[in-house]
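Enquirer: Please find one structure pasted underneath; my questions will follow.
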Amino acid sequence: MDEKKYWIGFNLIKGIGAVRMQGLVAYFGDLESAWKADPAELTQAGLGVKLVEKVIGARKQVDLNQVWAKIEAQGIKILTWMDEEYPSRLREIDQPPPVLYIRGEYLQDDLFAVAIVGTRKVTPYGRQLTEEIASFLAANGISVISGLARGVDAIAHQTALKAGGRSIAVLGSGVDKIYPPEHRGLAEQMMERGAIISDYAVGTPPDASNFPPRNRIISGLSLAVVVIEAAETSGALITAEFAAEQGREVFAVPGSIYAPQSKGTNRLIQKGAQPLLTPADLMQALDLTRMDSQKTARRILPSDETEARLLGVLSSEPLHVDDIRNRAELPIEKVSAALVLMELKGMVKQVGGMNYVSVREERSDYTI
């Protein structure tokens, strides 16, 4: 049975977040052992009396096999800290979410992403700027991230998709509970050319208290956050605060000092956010003009020890898979599987007869 179902089990228990999950993994070694532990062991692992009671209660009430089957039936992907595919940029933040629920596909290229957030009561000025910035980013291969809310969020998602780019929404509900409901069609489009993501368990309704915490994921997945329009108490300002804490760049679009929707963005600029005067400012400030070469390098670099070993064996001279196996001293099934994936990544090329070459003419020694 998949180990991830135990991560989901603990994710269902209110009060067990990143810190306590990390403590359980450190104490028990894995969450299956923690889920099956007796109350005394859970107490020794650092859980208080009330949390121990919640864990015992959840074990009695929740059928993890049924929960897992429901998730699989809906095509929801689960990523935990233990997965290599877990977004590396999100790992950098303080207390990253232990579990991510994903519908659609999060790609390595989505590491090159900018968040666009703002008011629900967007003005024509705000709409125009959102469309210009989102289409510019999409045209330059940069994913657009937002929160699927009415107003700026929805316009940013829609524009990025219309421009042929990728877009990602981070929800304040389970990924099976699209909110607002009129954006279900938009969410479906994003599942085809992007993803919808949440750290809330499947079935979680869109409660108002869920939205401020999810903003840390919007900023955490992004290189930068752009605030288009925001009142002085806008939720977009919370995203900007998270971004600043996480070391992300914060941009704000200046507006009239008399416009309510610009009071928040003007205040951000006063506090040190970069004023965004043209979309090109983003490219220059984030050095995204070199993005294509950065993406290529990220694809070519080995992601694990097996890939590193195979790249150390291969050169521009064709080498048969049996010789690769012998030189790398790895099982043939492991070598074959890795070569298929590496060819998809553009790291190696099959030149016929099960012979492979490295796509890089100049190679350095690869180490993991």
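Enquirer: So GLN274 clears everything in (1) assigned by TED's automatic domain parsing to the domain that holds GLN128; (2) modelled with pLDDT under 85; (3) among the polar types (S, T, N, Q) except one condition, right? Which one?
Expert: (2)
Enquirer: Next up: Being surrounded by 22 or more Cβ atoms within 10 Å (Cβ to Cβ) and of a type in the set (A, V, I, L, M, F, W, C) is the filter here; which residues of the range 243-253 pass it?
Expert: The answer is ALA243, VAL250, PHE251, ALA252, VAL253.
Enquirer: Can you list residue pairs whose Cβ atoms sit under 8 Å apart, with the first residue in the range 237-251 being free of Cβ contacts under 8 Å to residues at least 60 places away in the same chain and not assigned by TED's automatic domain parsing to the domain that holds ALA115 and the second being among the hydroxyl-bearing types (Ser, Thr, Tyr) and in a loop (DSSP other than H, G, I, E, B)? Count only pairs 6 or more apart in sequence or on different chains.
Expert: No pair meets every condition.
Enquirer: Please work out which residue is surrounded by the most Cβ atoms within 10 Å (Cβ to Cβ), limiting yourself to the range 1-48 and to residues that are in a loop (DSSP other than H, G, I, E, B) and among the aliphatic types (A, V, I, L, M).
Expert: Top of the filtered list is LEU47.
Enquirer: What about ALA73, is it outside the structural domain of TYR6 (by TED's automatic domain parsing), among the small types (Gly, Ala, Ser) and free of Cβ contacts under 8 Å to residues at least 12 places away in the same chain?
Expert: Criteria met by ALA73.
Enquirer: If you check THR80, THR130, THR123, which single one turns out to be in contact (Cβ under 8 Å) with a residue 12 or more places away in the chain, within 18 Å of SER262 (Cα to Cα) and touching a strand residue (DSSP E or B) at 6+ places or on another chain (Cβ under 7 Å)?
Expert: So the residue among THR80, THR130, THR123 that is in contact (Cβ under 8 Å) with a residue 12 or more places away in the chain, within 18 Å of SER262 (Cα to Cα) and touching a strand residue (DSSP E or B) at 6+ places or on another chain (Cβ under 7 Å) is THR130.
Enquirer: If you don't mind, there's one more thing I want to ask. Filter the range 68-111 for residues that are part of a strand (DSSP E or B) and among the small types (Gly, Ala, Ser) and give the result.
Expert: Hit for the range 68-111 is GLY104, nothing else.
Enquirer: I'm checking my understanding of the structure. Among residues of the range 204-242 that are charged (D, E, K, R) and surrounded by fewer than 23 Cβ atoms within 10 Å (Cβ to Cβ), which one is farthest from the chain's Cα centre (by Cα)?
Expert: So, considering only residues that are charged (D, E, K, R) and surrounded by fewer than 23 Cβ atoms within 10 Å (Cβ to Cβ), the one farthest from the chain's Cα centre (by Cα) is GLU232.
Enquirer: Now for a different question. Among strands (runs of 3 or more DSSP E) lying entirely in the range 183-263, which contain 2 or more residues that are β-branched (Val, Ile, Thr) and at pLDDT 90 or above?
Expert: Fully inside the range 183-263 and qualifying: 194-198, 224-227.
Enquirer: Name the one entry in GLY172, GLY164, GLY141, GLY185 that is among the small types (Gly, Ala, Ser) and crowded, with 22+ Cβ neighbours inside 10 Å.
Expert: Answer to the selection: GLY172.
Enquirer: Another question, then. Restricting to the range 330-340, what's the tally of residues that are touching a residue at least 12 places away in the same chain (Cβ under 8 Å) and not aliphatic (A, V, I, L, M)?
Expert: Adding up the residues that qualify gives 2.
Enquirer: Considering every residue within the range 277-287, establish whether at least one is surrounded by fewer than 18 Cβ atoms within 10 Å (Cβ to Cβ), within 30 Å of ILE228 (Cβ to Cβ), of a type in the set (S, T, N, Q) and at pLDDT below 85.
Expert: Yes, the range 277-287 has at least one match.
Enquirer: Let me ask another. Identify, by number, the condition in (1) in a loop (DSSP other than H, G, I, E, B); (2) of a type in the set (Phe, Trp, Tyr); (3) within 20 Å of PHE251 (Cβ to Cβ) that PHE136 doesn't meet.
Expert: With (1) in a loop (DSSP other than H, G, I, E, B); (2) of a type in the set (Phe, Trp, Tyr); (3) within 20 Å of PHE251 (Cβ to Cβ) applied to PHE136, the lone miss is (1).
The values are calculated or read from the model by the stated rules, or taken from the named source; none is laboratory data. A quick note: this is a predicted structure, and the numbers were derived from the prediction, not measured. Reconstructed Cβ throughout: ideal geometry from the backbone, glycine too, with neighbour counts over all protein chains shown.
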